[in-house]
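The values are calculated or read from the model by the stated rules, or taken from the named source; none is laboratory data. Quick caveat: nothing in here was measured; it's all calculated off a predicted structure. Cβ placement follows ideal geometry from the backbone for every residue including glycine, while neighbour counts extend to all protein chains displayed. Keep in mind that these areas ignore ligands, DNA and RNA; they rest on the heavy atoms of the full protein, side chains included. Shrake-Rupley method; radii C 1.70, N 1.55, O 1.52, S 1.80 Å.
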Amino acid sequence: MAAFAEATRIFFRIIQTTHHLQNTAVPGGRTTSPASLQKKMQELATLVTPASQTDNTMDQDQYQREWPALRQTYPPGSPALTRNAERKHYTTRGTGQAVGSQDTTGSGNRTHVPGFHSAVRFRQLPRPLKTIVLQSEQLRYVINQVSKESGEATDIVQEEAVAIVEEMAHRLQLSTIRFFAFALSKAFKTLFRSVHVNEEGIQRLQQAIQEHPVVLLPSHRSYIDFLMMSYILYTYDLSLPVIAAGMDFLGMKFVGEMLRMSGAFFIRRSFGGDKLYWAVFSEYVKTMLRNGYAPIEFFLEGTRSRTCKSLTPKLGLLNIVMDPFFKGEVFDVSLVPISISYERVLEETLYARELLGVPKPKESTSGLLKARRILSEDYGSIHVYFGQPTSVRSLAQGKINRSHYNLIPRFIPRKCSEDTQSFVNDTAYSLVRRQEENMVLRPWVLIATILMQNLDGMDSELLAEQTTWLRGLAMAFGAFLDWPDQAPIAKVVSSSLALHHGLVCSSGGRVRLEEGPQETASPEEALFNRAVGVLSCASYRNQILHIFLRPALVAVALETAATSRNDDVYGSFVYLRNVFSNEFILCPGADVQDFEEGCYLLMKCGAVQMLTQDIVVTERGQSILSFLSGMLEPFLQGYQVVCRYFCEEASEGLMEKEYVPAVRSFAVKRILSDGLKCYEALSSDLQKNALAALLRLNALRKVKAADQVSLKVNKMAAKAVEDTLGGKVPVQKPVLARL
Amino acid sequence: MASNCNSSESERQRIAQQRLKIIAGHLQKEEDGELPRIFANDCKAEATDRRSSSASTMPKRRQEIMKWNGWGYSDSRFLFNKKGQAEFTGKRYRLSGMIMPSLKDWFEGTFGANLQHKTPAVPSLNSSDVQPPSLNEAFVQDLKASSIPCSNEAEDRVFRAHGHCLHEIFALREGRFGRVPDMVVWPNSHDDVVKIVELASKHNVCLIPYGGGTSVSSALECPPEEVRSIVSLDTSQMNRILWIDEKNLTAHVEAGIIGQDLERALNESGYCTGHEPDSMEFSSLGGWVATRASGMKKNIYGNIEDLVIHLKMVTPRGVIEKSCQGPRMSTGPDIHHFILGSEGTLGVVTEVTMKIRPIPEYQKYGSVVFPNFEQGVACLREVAKQRCAPASIRLMDNAQFQFGHALKPQVSSIFTSFLDGLKKFYITKFKGFDPHCLCVATLLFEGDRERVLQHEKRVYDIAAKFGGLAAGEDNGQRGYMLTFVIAYLRDLGMDYYVMGESFETSVPWDRVLDLCRNVKERIVRECKEKGVQFSPLSTCRVTQTYDAGACVYFYFAFNYRGLADPVHVYEQVEHAAREEILANGGSLSHHHGVGKLRKQWMKESISNVGLGMLKSVKDFVDPDNIFGNRNLL
């Protein structure tokens, strides 16, 4: 393994990917400029490459043959080029052979590279981590408190704490890590064409790890996210992270323990009221941070996003990792947002089914083994982008007065102040936004976006044309696109379609979504199959939503506002933003910034003109605006369906847990009877977000009665929301003038 | 003044009568020639005698023996001789005349400084650069009539226009002078002070009391916005011990006396105060009171607030003092605490009754080496917990330990250097201490010989529990020497592009380590951000222990070559360091005081109401802001 890692490292130094990005004007309002994008692209080196080399040194030619992005430097018309252009590159030579040879040289080499794996081991602590946690003042305090409250003896509570730690703690074992590294490199090579990593980001991370405790915050789209993270860090000889994993993994026999031995620790999904659990857990994390034991990794989004949209961040763990800084126990903490973009998500249809109410399969080892079949599929490439480490200290500068922590002993847990709360919240949102910004988007994402607006299928030439158009728009809005250089657009489209053959089919010059077996299905089944396809496809469109979101909200606001006056449009915008604040990543309180950003982008691409009082749509802007609002249409419709459900069907005293199935069957009915096309209304994710929005808009109220939560509907309000979203009535509330 | 309440009416009458008496005395003097002077001398016979036997070290013209633009005595300074070796000139100190061979390497290695790159100071004071005095003629006339010595010579005025903050000394070295006092007066007694304050109030003149001039809080800086004539009131001539009461173990002393004179004079009678701030060679009793000073041996003798029994302060409202010398009183808030730490904003402390103790029979230095700073702090905490701290216990971090080592004088015998080598070998190789982590605690024990030895054993036993090894008296003594010569060393640094400063704080025990680490790191970070080319010296020591916390002292210095405005950079870094201290639960100051340097944080430190309380005291005591140095509030 050592040799392999060494080889790949040598190998990356050779690599200089030379993506050429079109010099489309990028609005300055965004953080990414063409230059920085280009830089970002160039940073991306390939980590897992087609494993064809038996030799540790690999010449440029050989590399180029295997990496289409560099084709231009290769003599045109070369037979090697054409042969390899659309193939999985590693098939040129046997993977097994390659891995085997690496391993043998690896075992020989390991002794030659002293300390190569030194970084893998965690920093030596004076006492075992668990002991430090259990003996900490913080925990002792809470144990005493709990024992006083519950009347149980402290030893019993203490034992409970021991049990919690035992259940939670990771147990690093080098051999397990080596095994994983071996197995993963093999699996990844089979699954993916290549894994790209920005090496500059790795260097920045390395620097950060040496300076301060580091918290790694990857995006969460797939099970393999954290495997991938550990694998990359291992390969680059960085300290392995300790990962906060959901307890459900422990349900997997053997594998759970394996994960534990490779640095995962397990936390319960919910422990809201359990003081002791919270204390043990937070002390466990903080102890690691304070001692600079190892980088800590967790998912800001809390869970895998089934829709490929970023989820609103969860604040609990972020709060915990910032606390040692607020209390002065560490000088600083570095937060590193990491974006892992999959060209094809392993769980795509699984997610769609889950959203449609097919229960999530419980994590089990046999399930994992069954999942082997995915090994035979091609999942394209992966981009892992390590963002700029952000110092909590500099973020908190001027926002947090740390001296507030001076007057109470630091071991006493206490609620954080409002300042802190909003600081953590803002930080979390900006980190998620940075994850979004650094997501590498593949051509397929654009194609999916267009197909989502043409569910009945479209002419493949038109598709290619629109893809080119959308590419230009996306670039103008600052998207981080990975586009094959100099390939004709038709080729790009067809290769994308080929990769996603499970979702789309192209026949007779028409491209349409795959609809599954038609013949024998009942209407409901057919609908279900169709919905799976649409939702899977939607998950790819969702990947680019963050680029278009703000202009699209402005576009919808322009349609729904009573007049084209600035403040009317702004009013509608704020309303929409409020409605969708669970659906999309919209930092609370950033109404004005978001509106300005949206308007600015629209103005830059020439879609609107900003006059002193009005926003005027230009002639060429029509198509852009209708495209943008079309992108949000499924959400608008979906929310309307939910509203209508509440107006028309919801029974008095609807239980909260009955809500999702009920609204789903309502939507199914609507689609079947009215020929509605809003399949996304079937998504439980949308339904839950809509519920939250209606609660926020006071169209619904939660009534708690004896363990049960029921929903009380204000039909007037729900109707009003429906009509406003449908553009039937303008936004009701006059919003205070802002300009 | 018309609105004064009745209670102060009698006070005013008293003052007026006193003044009449004095004026009468002057009239008499003119009539009777020699007589009154003899009479006066009679009164102070004892004191003057004492004075003659131990001449005051502080003349009126301080510049005759002291540097005008640096620390301490003119004859004592560090320099790199022609061989490039550091030596300390003069005869006053243990280090004087010695050569410190390793200082150069330490200096160059720590700061990236180079002996070729010099930044010499302006050689002498150019009087024409000093702005001419703006005198209040009426005041001057009245003052001259009272025959209190005064001067408006540029040298005298410049000398009293500054303390020893870095920016103050830096400006002097460049020959730049800001606003300086327009006049210096040398009152000889409490009554002289009363007279001066009267006159100042009458003529609306700004008074700035001046004791030893060792302030490091910009407290002596003349407020540039002050338009009135500024008079520096130099207390150095009020330096007599008025009486010693052996039954109560107290001494009544004029507040202008400087630390070393006080100690020397008391020693002659077999007593001491035991109050030894690091500046005691130059700082005055009145200054200690005005800044709430702390002495190195406070564990035995207490800080200044513990030592003071009775105080007399002259304010524009009159003289404030208690009516008895009871050891403790329950008479509302202690009025002494308005005076202690008032930083010259309320009046002039003229006489102090303070505790004295018999000179200890035996004194012993000691030192303990710890494998790391964490262990050292844990040990000090334990010592404090068991309340068995020696007279002084200080823990230097690794950088300061190495600093101290660089000051080791040349050893004459091969045997000593062999022993040193052996010690080093034992500690680093045999005991496995990392020379880049180890740190050293310096100790000073005082008392009966037997008790000292017992005490010593107890402390070393505690230290052993934290991995500490006794490391000899020599190391201990050198540690204390460092604090006396550090200010001289700063002058040396400033000759070679190195500027530095010290600052302090007090902090609860549980935060000591975090505060030390974070502040040191912040300094390094800020320097880097501000464009300092070479990593700065950023070091600290835990210098006092208390039941509930400790005093931490920081040294910070850097090479400022290549910086356009080094003083500004320095100020920014110091500001950041103070913010960091406050954010980490440290206090605004443990003993340096607030002055004008740390004024901006007062509200945050003592709350709005607290500040209001202090302000209302100021408003009552000094409504016309006669004591207008604008410190503190």
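Key figures
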| item | result |
| --- | --- |
| Helices (runs of 4 or more DSSP H) within the range A:514-614 that include 2 or more residues acidic (Asp, Glu) and more than 25 Å from the chain's Cα centre (by Cα) | A:523-560, A:566-579 |
| For B:Val314: the one exception among (1) touching a strand residue (DSSP E or B) at 6+ places or on another chain (Cβ under 7 Å); (2) of a type outside the set (Phe, Trp, Tyr); (3) within 30 Å of B:Phe503 (Cβ to Cβ) | (3) |
| Of residues in the range B:606-633 being in a loop (DSSP other than H, G, I, E, B) and of a type in the set (S, T, N, Q), the one surrounded by the fewest Cβ atoms within 10 Å (Cβ to Cβ) | B:Asn625 |
| Some residue of the range B:187-199 being out of contact with any strand residue (DSSP E or B) (no Cβ under 8 Å at 6 or more places or on another chain), open to solvent by 10 Å² or more (accessible area, probe 1.4 Å) and farther than 29 Å from B:Leu242 by Cβ | no |
| Test: residue in the range A:310-333 that is more than 19 Å from A:Thr420 (Cα to Cα) and part of a loop (DSSP other than H, G, I, E, B) | yes |
| Flag if A:Val492 is part of a helix (DSSP H, G or I) and touching a Pro at 6+ places or on another chain (Cβ under 6 Å) | yes |
| Single match in B:Tyr365, B:Tyr426 (criterion: touching a Gly at 6+ places or on another chain (Cβ under 6 Å) and farther than 30 Å from B:Met238 by Cα) | B:Tyr365 |
| Residues of the range B:438-485 that turn out to be assigned to a loop (DSSP other than H, G, I, E, B), open to solvent by less than 60 Å² (accessible area, probe 1.4 Å) and at negative phi, as a count | 4 |
| Among (1) modelled with pLDDT of 90 or more; (2) surrounded by 19 or more Cβ atoms within 10 Å (Cβ to Cβ); (3) among the aliphatic types (A, V, I, L, M) - the single one A:Ile615 does not satisfy | (1) |
| Matching entry among A:Arg442, A:Arg433 (being surrounded by 20 or more Cβ atoms within 10 Å (Cβ to Cβ) and modelled with pLDDT of 90 or more) | A:Arg442 |
| Filter result for A:Gly292 (within 14 Å of chain B (Cβ to nearest Cβ), modelled with pLDDT of 85 or more and in contact with a helix residue (DSSP H, G or I) (Cβ under 7 Å, 6 or more places away or on another chain)) | no |
| Residues located in the range A:236-251, provided they are within 21 Å of A:Ala181 (Cβ to Cβ), more than 20 Å from the chain's Cα centre (by Cα) and not polar (S, T, N, Q) | A:Tyr236, A:Asp237, A:Leu238, A:Leu240 |
| Residue within the range A:321-332 that is at pLDDT 90 or above, away from every other protein chain (no Cβ under 14 Å) and open to solvent by 20 Å² or more (accessible area, probe 1.4 Å) present | no |
| Those residues of the range B:520-535 which are within 11 Å of another protein chain (Cβ to nearest Cβ) and over 27 Å from the mean Cα position of the chain (by Cα), in sequence order | B:Arg525, B:Glu529 |
| Scope the range B:293-332; condition of a type in the set (Lys, Arg), within 20 Å of B:Thr543 (Cα to Cα) and part of a loop (DSSP other than H, G, I, E, B); matching residues | B:Lys297 |
| Contacts under 8 angstrom Cβ, first residue in the range B:576-587 being facing chain A (nearest Cβ under 7 Å) and at negative phi, partner among the acidic types (Asp, Glu) and assigned to a helix (DSSP H, G or I), 6 or more apart | B:Leu582/B:Glu604; B:Asn584/B:Asp514 |
| Qualifying position, being among the small types (Gly, Ala, Ser), open to solvent by less than 60 Å² (accessible area, probe 1.4 Å), under 22 Å from the mean Cα position of the chain (by Cα) and at pLDDT 90 or above, among A:Ala464, A:Ala428 | A:Ala428 |
| Selected residue (criterion: farthest from the other protein chains (Cβ to nearest Cβ)) from residues of the range A:375-433 that are in a helix (DSSP H, G or I), among the acidic types (Asp, Glu) and over 18 Å from A:Leu300 (Cβ atoms) | A:Glu418 |
| Cross-chain or 6+ apart pairs with Cβ under 7 Å, the range A:698-719 first and open to solvent by 90 Å² or more (accessible area, probe 1.4 Å), then aliphatic (A, V, I, L, M) | A:Asn698/A:Ala717; A:Lys702/A:Leu695; A:Lys702/A:Val709; A:Lys702/A:Leu711 |
| Residue match in the range B:590-598 (condition: among the small types (Gly, Ala, Ser), open to solvent by less than 40 Å² (accessible area, probe 1.4 Å), away from every other protein chain (no Cβ under 14 Å) and not in a loop (DSSP other than H, G, I, E, B)) | no |
| Among (1) under 30 Å from B:Ser201 (Cα atoms); (2) surrounded by fewer than 21 Cβ atoms within 10 Å (Cβ to Cβ); (3) more than 14 Å from chain A (Cβ to nearest Cβ) - the single one B:Lys603 does not satisfy | (3) |
| Residue among A:Phe635, A:Phe627 that alone is under 31 Å from the mean Cα position of the chain (by Cα) and farther than 25 Å from A:Ala720 by Cβ | A:Phe627 |
| Residues satisfying the stated conditions in the range B:499-518, i.e. buried (at least 20 other Cβ atoms within 10 Å of the Cβ), charged (D, E, K, R) and either within 22 Å of B:Gln533 (Cα to Cα) or within 14 Å of chain A (Cβ to nearest Cβ) (or both) | B:Glu501, B:Arg511, B:Asp514 |
| Condition met for B:Tyr496 (part of a helix (DSSP H, G or I), surrounded by fewer than 22 Cβ atoms within 10 Å (Cβ to Cβ), at pLDDT 90 or above and away from chain A (no Cβ under 14 Å)) | no |
| Yes/no for B:Val542 being at pLDDT 95 or above, in a strand (DSSP E or B), more than 14 Å from chain A (Cβ to nearest Cβ) and over 22 Å from B:Asp495 (Cα atoms) | yes |
| The range B:92-114 residues that are without any contact (Cβ under 8 Å) to a residue 12 or more places away in the chain, paired with ones that are among the aliphatic types (A, V, I, L, M) and loosely packed, with under 14 Cβ neighbours inside 10 Å (beta carbon under 9 Å, 6 or more apart) | B:Glu108/B:Leu115 |
| Matching residues in the range B:606-633 - criterion: being within 25 Å of the chain's Cα centre (by Cα) and within 14 Å of chain A (Cβ to nearest Cβ) | B:Ile606 |
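For (1) open to solvent by less than 60 Å² (accessible area, probe 1.4 Å); (2) not in a helix (DSSP H, G or I), each residue gets a yes or a no:
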position: A:Gln124; (1), (2): no, yes
position: A:Arg127; (1), (2): no, yes
position: A:Thr131; (1), (2): yes, no
position: A:Arg140; (1), (2): no, no
position: A:Ile143; (1), (2): yes, no
position: A:Ala161; (1), (2): yes, no
position: A:His170; (1), (2): yes, yes
position: A:Ala181; (1), (2): yes, no
position: A:Lys189; (1), (2): yes, no
